[in-house]
Amino acid sequence: MDFKLTEEQQMLQDTAARLVRDAYPFEQREKFSESELGFSAEFWSQLGELGLTAVPFSEEIGGFGGSGVETMLVMTELGRGLTLEPYLQSVILAGGLINQLGSDAQKEDLLPQVAAGSLQLAVAFDEPQSHYNLNDVQTKAEVVDGGYRLNGRKAVVIGGHSAGQIIVSARTSGDSRDETGISLFLIDPNAQGVSRRVYPTIDGRKGCDLFLDNVQVGAEALLGELGNALPAMRYQQGRVIAAQCADALGSMDEACKLTLDYLKTRKQFGVPIGKFQVLQHRMVDMQTELEQATSMAILAATFADGEDNDERSRIIAAAKYICARAARKVAEEAIQLHGGIGMTWEYNLAHHAKRLVMIAHQFGDDDHHLKAYAKLMQVA
């Protein structure tokens, strides 16, 4: 199989790598994280100006027309720089949902803005009790004259504190865990009845809990068919997981490089500690995990935008399982080989470790996806 990049793909990767390298030094990242916005507005604008926010969208709306492979190239470089911008939530997940479910008017209005980076979106699927299950929805949407009335609470909405609009899942019929009766709505976070509790996440981002108290929306706020949003939610989450695996690759690769450099420079008993065979073996184990994760991430990227079937679902679940395990293993080994300095706030390895551990828990951990994979194998 030919894994060589095309000339366009190589240019895309180089553009993303150069932007992250020049505009996102680690010292600046800490300032971005501690700011009220929680990320760099300037860097977000640069992503739009260079066309990186347009990668997954069709050329008709000013996009790049990229597939999962192009998305993987961008996400790997963003992961390498530990960027804080909600690219995954706004461009890939929210943009993908609008592209799949939106009416012509919604697509024409929103997608060009998302592709240009002028509109940031967020997605609110998780609830305090849902634990990775997209069908566990207790937020209610009642039909009223001229639209819908929403009540409920959403948890850990990454980027929700700064989003121009938020896509919310709500139940329009059925019981709280039914697979039918779930609908998606576009919510203005500044609308009456909407409140947010903002907090920092472990890996330096900002998220919020979203509270909906008799929020009134018009009929045009409905995204897709009433009560039938779950298949699209699962499909788009598959695209996000593939992109997230690429994000982990960039961070793991950087953690491996930092560790190898440390083993070559740190001396004990008059020689670099990299001379000790047991540490060489552990470094090889880290590289092995990275290579295995890379193979699965590439496979997931090639299927991310493919037909929605059991084979795609199995590959996405397997990729997340392998990448989540590899991310945790690389983070733990890197800290062990560094010693105490690997845990210090001022050293970027500690932040890579935090990101890698949190990636393993977002959109389903390794146990969740192993069960999903086993269930799909039984069906097969």
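Nothing in this text is a laboratory measurement; each read-out follows from the coordinates by a stated rule. These numbers come from a predicted model, not from an experiment. FYI the Cβ positions are ideal-geometry reconstructions off the backbone, even for glycines, and counts take in every protein chain you see.
By how many nm would the segment from PHE276 to GLU220 grow when fully extended, if each residue of separation counts as 0.36 nm and the alpha-carbon distance is taken off?
Working it through step by step, the gained length comes to 13.6 nm.
Using a cut-off of 11 Å between beta-carbons, work out the net charge of the residues near LEU370 (Lys and Arg +1, Asp and Glu -1, LEU370 not included).
+1
Using a Förster distance of 45 angstrom, determine the FRET efficiency expected from the C-beta separation of GLU311 and ALA191, and round it to 0.05.
0.65
Under the 0.36 nm per residue contour assumption, what length would be gained going from the current alpha-carbon distance of ASP109 and HIS131 to full extension?
Fully extending the segment from ASP109 to HIS131 adds 4.6 nm.
Between SER251, SER183, SER130, where does the largest GNM mean-square fluctuation fall for the chain, given springs only between Cα atoms within less than 10 Å?
Highest fluctuation among the options: SER130.
So, by mean Cβ neighbours within 10 angstrom, what's the order for 238-247, 80-89 with the highest one leading?
The peptides rank, most packed first, as 238-247, 80-89.
Along each principal axis of its Cα atoms, how long is the stretch 122-223 end to end? Whole angstroms, biggest number first, please.
Sorted from largest, the Cα extents of the stretch 122-223 read 41, 28, 19 Å.
Note the full-extension length gain between ASP22 and THR6 as 0.36 nm times their separation in residues minus their Cα-Cα distance, in nm to one decimal.
3.3 nm
Could you check the simple spin-label distance between MET343 and SER58, using points 7 Å along Cα→Cβ, in nm with one decimal?
5.3
Quick check on the exposure proxy: order CYS323, CYS256 from fewest to most C-beta atoms within 10 angstrom.
CYS256, CYS323
Which value in deg cm²/dmol, rounded to the nearest 500, describes the helix-derived mean residue ellipticity at 222 nm for the chain, given -39,500 (n - 2.57) per DSSP H run of n ≥ 4 and division by the residue count?
-16500 deg cm²/dmol
Of the listed values (i) 30, 27, 20; (ii) 36, 22, 21; (iii) 43, 22, 19, grab the one calculated as semi-axes √(5λ) of the Cα gyration tensor in Å from the structure here.
Matching the structure shown: (ii).
Please work out whether the stretch 127-187 counts as rounded, prolate or oblate from its C-alpha gyration tensor, where a ≥ b ≥ c are the square roots of the eigenvalues and a/c under 1.5 means rounded, while otherwise a/b larger than b/c means prolate and anything else oblate?
oblate
When you count, for each residue, the other Cβ atoms within 10 Å and take the mean per peptide, how do 202-213, 220-231, 112-123 rank with the highest first?
112-123, 202-213, 220-231
Points 7 angstrom from Cα along the Cβ direction at GLN138 and PHE269: gap in nanometres?
Going by the 7 Å Cα→Cβ label model, 5.8 nm.
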